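Input: a single structure, listed below in C-alpha cells.
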Amino acid sequence: MLEEKKAQARKRAFAARKQACETRAPGEAGKLSEVLAGHRGVPLSGYMAIRTEIDPLPAMEEAAAHGPVGIPVIEAAGQPLRFARWEPGMELVPGVFGAMIPAEPEFFEPELLIVPLVAFSRGGGRLGYGGGFYDRTLEMLRAKRPTLAIGFAFAAQEMDDLPLEPTDQPLDMIVTETAVISPGT
C-alpha cells in the first residue's frame, strides 16, 4: 500500500519537475549559493544533475574555491553512498544510473549534503527515487557527527501529502530556485 502511494507520488512529482525544468529561468542555483556561502570550507557533497533535476553545479563550483566538494558514487545496491572529491573541469566518467563520477575517485566524508529529490514537503520530508541510498547514507553519517542535509529542488516539486516511512531521513533545509525553506518554522 505504501509503495503504491510512493509510486503515485513519484509520478506526480516527476511530471511537475519536468514542467519546471522546461520552463526554468537562468540562475536556478542562486539561492543555493547564498546558503553555501554561510558554510565556507565545510566538506560538502553536491550531485551531477541527471534528466530533469535542478542543477547545483554553479553553487558547487563556487564552494570548491573554499573547501572540499564531492559527488556521490553508488558502489552497490543496498549500500550507503560514498563521496568522491570533485573539482571543476576534472575528468568524469559515467557511473551507475548515468550520473557522472570522477575517473579516479578520492573518497572523503562530507558534513553537508546537497540532496537531489523527486518531491519534498515543508516539514522536511523527502521522496527520492526509491533506492534508499540517501536515507542509508544520512543515517550512517549522522550516527558519526552532525550532518546537514539540504534538499535542492524546483519549487514545483513541493507536495503536502508525501508518503513517508520511519527509515526516511529528514531534510534540515530545502532550497528551491526561489526560496530557502527551514522545516518547522
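The values are calculated or read from the model by the stated rules, or taken from the named source; none is laboratory data. Worth saying up front: this structure is predicted, and the values here are computed from it rather than measured. A quick note on method: Cβ atoms are made from the backbone with ideal geometry, for glycine too, and the neighbour counts reach across all protein chains shown.
Counting only helices (runs of 4 or more DSSP H) that sit completely within segment 1-109, those holding 3 or more residues that are of a type in the set (D, E, K, R) and touching a strand residue (DSSP E or B) at 6+ places or on another chain (Cβ under 8 Å) correspond to 2-22.
Can you list residue pairs whose Cβ atoms sit under 7 Å apart, with the first residue in segment 53-77 being more than 19 Å from Tyr129 (Cβ to Cβ) and the second being of a type in the set (D, E, K, R)? Count only pairs 6 or more apart in sequence or on different chains. Qualifying pairs under 7 Å: Ala64/Glu87; His66/Arg40; Gly67/Arg40; Pro68/Arg85; Gly70/Arg85.
Is one or more of the residues making up segment 117-133 over 27 Å from Lys5 (Cβ atoms) and out of contact with any helix residue (DSSP H, G or I) (no Cβ under 6 Å at 6 or more places or on another chain)? Let's see the steps before the verdict.
Here is the first cut: in segment 117-133, the residues over 27 Å from Lys5 (Cβ atoms) are none.
No, segment 117-133 contains no residue that is over 27 Å from Lys5 (Cβ atoms) and out of contact with any helix residue (DSSP H, G or I) (no Cβ under 6 Å at 6 or more places or on another chain).
Considering each of Thr176, Thr137 in turn, give the residue that is within 24 Å of Glu75 (Cβ to Cβ) and of a type outside the set (A, V, I, L, M, F, W, C). Checking each option against the conditions leaves just Thr137. Here Arg126 clears all of (1) surrounded by 17 or more Cβ atoms within 10 Å (Cβ to Cβ); (2) out of contact with any Phe, Trp or Tyr (no Cβ under 9 Å at 6 or more places or on another chain); (3) free of Cβ contacts under 8 Å to residues at least 60 places away in the same chain except the condition numbered (2). Among the residues of segment 61-86, the one identified as exposed (fewer than 14 other Cβ atoms within 10 Å of the Cβ) and modelled with pLDDT of 95 or more is Ala65.
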